[in-house]
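**Q** Here it is: the structure, laid out below.
Computed from the coordinates by the stated procedures, all read-outs in this text should not be read as laboratory data. These numbers were taken from a predicted model, which means no experiment stands behind them. Every residue, glycine as well, gets a Cβ built from its backbone with ideal geometry; the counts of neighbours run over all protein chains shown.
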Amino acid sequence: MIARKDNKEYTVDEYSKDAYLNDGYDIYEDGKVVAYSPKKQVSLGEYVKLDAQVKELTAKLEEVSKSSNDKELVKANKALEKQVKELTAANEELDAQVKELTAKLGDSND
């Protein structure tokens, strides 16, 4: 592991890691940060700026998710409208057949 702060780097082991963290060093392993120093701070101005960005991006994500759902609903609605037309046409055809058969039954009873 490597403890890094500004332009200083030290090779550390598991036992000395906490001491370096408390001195303001970040701990890296295989080039990736595995622990940040608890002494690091973010200014209130930077925090407020980042918080506003997070809220803005969250709102955009919700909007995109909603529009994606809307597109899926429109697609499903079109498919259902097509099925309704097909079923309506089939129903009209069956109604015509019923009228024809009813008329034939009426003619044969006379």
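**Q** For the stretch 59-87, list residues with backbone N below 16 Å from a point placed 7 Å from the Cα of L94 toward its Cβ?
**A** Only 83-87 pass the distance filter.
**Q** Now for a separate question. Can you compute the helix-only [θ] at 222 nm over the chain? Use -39500 (n - 2.57) per DSSP H run of at least 4 residues, normalise by all residues, nearest 500 deg cm²/dmol.
**A** Computed ellipticity for the chain at 222 nm equals -24000 deg cm²/dmol.
**Q** Report the full-extension gain for the segment Y36 to D18: residue separation times 0.36 nm, less the Cα-Cα distance, to one decimal in nm.
**A** Between Y36 and D18, full extension yields 5.4 nm more.
**Q** State the extension gain, in nm to one decimal, for the chain segment bounded by E56 and V84, taking 0.36 nm per residue of separation less the distance between their alpha-carbons.
**A** Result: 5.9 nm gained on full extension.
**Q** State the extension gain, in nm to one decimal, for the chain segment bounded by D70 and L105, taking 0.36 nm per residue of separation less the distance between their alpha-carbons.
**A** Working it through step by step, the gained length comes to 7.5 nm.
**Q** Here is a further query. Which entry in (i) 16.4, 52; (ii) 13.8, 39; (iii) 36.0, 111 is this structure's computed Rg and Dmax of the Cα atoms in Å?
**A** Evaluating Rg and Dmax of the Cα atoms in Å on these atoms matches (iii).
**Q** Using the alpha-carbon centroid of each, what span in Å lies between the stretch 55-110 and the stretch 1-18?
**A** So the separation of the two Cα centres works out to 68 Å.
**Q** Name the most mobile residue of E86, E62, E72, meaning the one with the largest mean-square fluctuation, in a Gaussian network model of the chain with Cα contacts below 10 Å.
**A** E86
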